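The block underneath contains the structure these notes are about, expressed in structure tokens.
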Amino acid sequence: MGNIKQILSELVRIDSVSSRSNVEIIEYLEGRCDALNLLTRRFPYVDEHGVEKINLIALTAETDEVELALVGHTDTVPYDPHWAEATNLTERDGKLYGRGSCDTKGFIAAALTAVEDVKITKPLALIFTADEEIGLRGAKQLAQAKPLRVRYSIVGEPTSLKPIRAGKGYSLAEVIVKGREAHSAYPALGASAVFRAARLINRLESIAEQLKQDQYDAFDPPFTTLNIGLINGGSAKNVLAGECRFTLEWRPIPIQPSEHVLELFKKAIEAEQQIDPGFECEVDANRQDTGFETSPDSPLIKLLENASGIKSGTVAFGTEAAQMMALGSEPVVIGPGDIREAHRTGEFVPVDELERCAEVLRQSIVQLCSP
Ligand SMILES: [Zn+2]
């Protein structure tokens, strides 16, 4: 276990902000996996900026079907260049500070430590992904390529070691409402895109109310939420706005397909067109990440609840669990550190949680892959 801080320190030293190539951290992980006698396979792709990204799968045996996969993302969110500890892991008062220490390099260090010295009889995989922080892109590549069938997966994210058995989805649509510009002294000569957008947004507020009827008790709040976080329209104070854009975001509960909100939204647009025949609107639904749900009776949930001593729960933030479902697995999300400490200067992971995580993972491997 003395090794775990060393591994985390080496991982944090490698700058793996999502905008950069993750080749360096993948090479490091390949070296660690080689030392553990794991077989590694690279799954490279080129992102939309032409930067090479790699997903790495390390296996205990030559196979395309595994009992358990431990999944960690290699990328991190950006950091303030004035934060000296960002790439120089620093221990203070039982905490390890550095970018990625809790999201999610701590989990990766724990996974590499947990695999050591376990005699494995059923195949195990370590899966290291790229681009999680910018839309789960690496995991989506794997979900599409399906290089592996997985029975159970443990996805690393900071949950303070609480096993997470369900997560909401995440969907986005860019909306452009069209109008017709005219001098504001003569509104009859044009059509204001801002007034049109406002009427449509009123309908979205009603949809948000309607969504509260489909309850899923495990979550707080227990229904699909929606938000218009950005809005922008018009060119001058005395011109009828020719265009108004807004961003619609919604977080569907797992029992509800992402398209449900989209269908309600399209009906709202049709209703506007009934009363305003000139109403014109483009909807680009460019992100539809589904949620996930694993039965509370799943053996993996029971196992992780016992090993961590913490009852399972749910989260409202996005994870790679849905992509691991696409590989056939029952996923659970768990990891050391608190999500509220991630994504900010001063990110840290408590040393005792880091070490307990390695122990939890080791017990999972022993019970599932070495019975
Ligand atoms: Zn993360």
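Taking the criterion of being more than 16 Å from the ligand (Cβ to nearest atom) and more than 19 Å from E65 (Cα to Cα), the residues of region 97-117 that qualify are Y97, L112, T113, A114, E116, D117.
Among the residues examined, D131 does not qualify as away from the ligand (no atom under 15 Å from the Cβ), of a type in the set (D, E) and not in a strand (DSSP E or B).
I'm checking my understanding of the structure. Among residues of region 111-136 that are modelled with pLDDT of 95 or more and over 19 Å from V150 (Cβ atoms), which one is nearest to the chain's Cα centre (by Cα)? Per the stated criteria, the residue is D131. In region 25-75, counting only strands (runs of 3 or more DSSP E) that sit wholly within it, the ones holding 3 or more residues that are within 16 Å of the ligand (Cβ to nearest atom) span 65-73. Criterion applied to Q288, Q256, Q367 was being more than 16 Å from the ligand (Cβ to nearest atom), of a type in the set (S, T, N, Q) and over 24 Å from the mean Cα position of the chain (by Cα), and the one residue passing it is Q367. For region 149-168, a residue qualifies if it is out of contact with any helix residue (DSSP H, G or I) (no Cβ under 7 Å at 6 or more places or on another chain) and over 19 Å from C357 (Cβ atoms), and the qualifying residues are R149, R151, A166, K168. Scanning region 296-336 for residues that are of a type in the set (A, V, I, L, M, F, W, C) and crowded, with 24+ Cβ neighbours inside 10 Å returns L300, L304, A321, M324, V332, V333, I334.
Where strands (runs of 3 or more DSSP E) fall entirely within region 149-233, those with at least 2 residues that are of a type outside the set (D, E, K, R) and within 16 Å of the ligand (Cβ to nearest atom) are at 149-156, 164-167. Residue count for region 1-23 satisfying the condition of being open to solvent by 10 Å² or more (accessible area, probe 1.4 Å) and either assigned to a helix (DSSP H, G or I) or under 21 Å from L36 (Cα atoms) (or both): 10. Summed over region 216-239, residues that are more than 30 Å from P296 (Cβ to Cβ) and in contact with a His (Cβ under 8 Å, 6 or more places away or on another chain) total 2.
Of the residues screened, A241 is not one that is in a loop (DSSP other than H, G, I, E, B), open to solvent by less than 60 Å² (accessible area, probe 1.4 Å) and without any contact (Cβ under 8 Å) to a residue 24 or more places away in the chain. Taken together, L200, L211 contain a single residue that is within 30 Å of L136 (Cβ to Cβ), over 28 Å from the mean Cα position of the chain (by Cα), open to solvent by less than 80 Å² (accessible area, probe 1.4 Å) and modelled with pLDDT of 95 or more, which is L200.
Taking the listed residues T63, T76, the one that is under 26 Å from A358 (Cβ atoms) and buried (at least 17 other Cβ atoms within 10 Å of the Cβ) is T76, with no other qualifying. Residues in region 146-185 that are open to solvent by less than 70 Å² (accessible area, probe 1.4 Å) and closer than 21 Å to E62 by Cα: P147, L148, V150, Y152, S153, I154. Looking at region 79-107, which of its residues are open to solvent by less than 10 Å² (accessible area, probe 1.4 Å), of a type in the set (G, A, S) and either within 16 Å of the chain's Cα centre (by Cα) or over 18 Å from L126 (Cα atoms) (or both)? Across region 79-107, the qualifying residues are A86, G98, G100, S101. For residues that are under 17 Å from D64 (Cα atoms) and of a type outside the set (A, V, I, L, M), scanning just region 134-144, find the one that is farthest from the ligand (Cβ to nearest atom). Checked region 134-144; the qualifying residue farthest from the ligand (Cβ to nearest atom) is Q144. Filtering region 340-365 to residues that are open to solvent by 60 Å² or more (accessible area, probe 1.4 Å) and either in a helix (DSSP H, G or I) or hydroxyl-bearing (S, T, Y) (or both) leaves R340, T345, D352, E355, R356, E359, R362, Q363. Scanning region 276-312 for residues that are modelled with pLDDT of 95 or more, assigned to a strand (DSSP E or B) and out of contact with any helix residue (DSSP H, G or I) (no Cβ under 6 Å at 6 or more places or on another chain) turns up E280, E282, V283, D284.
The values are calculated or read from the model by the stated rules, or taken from the named source; none is laboratory data. These numbers were taken from a predicted model, which means no experiment stands behind them. No Cβ is skipped: glycine too gets one built from the backbone with ideal geometry, and neighbour counts run over all protein chains shown. Side chains included, ligands, DNA and RNA excluded: accessible areas come from the protein's heavy atoms. Shrake-Rupley method; radii C 1.70, N 1.55, O 1.52, S 1.80 Å.
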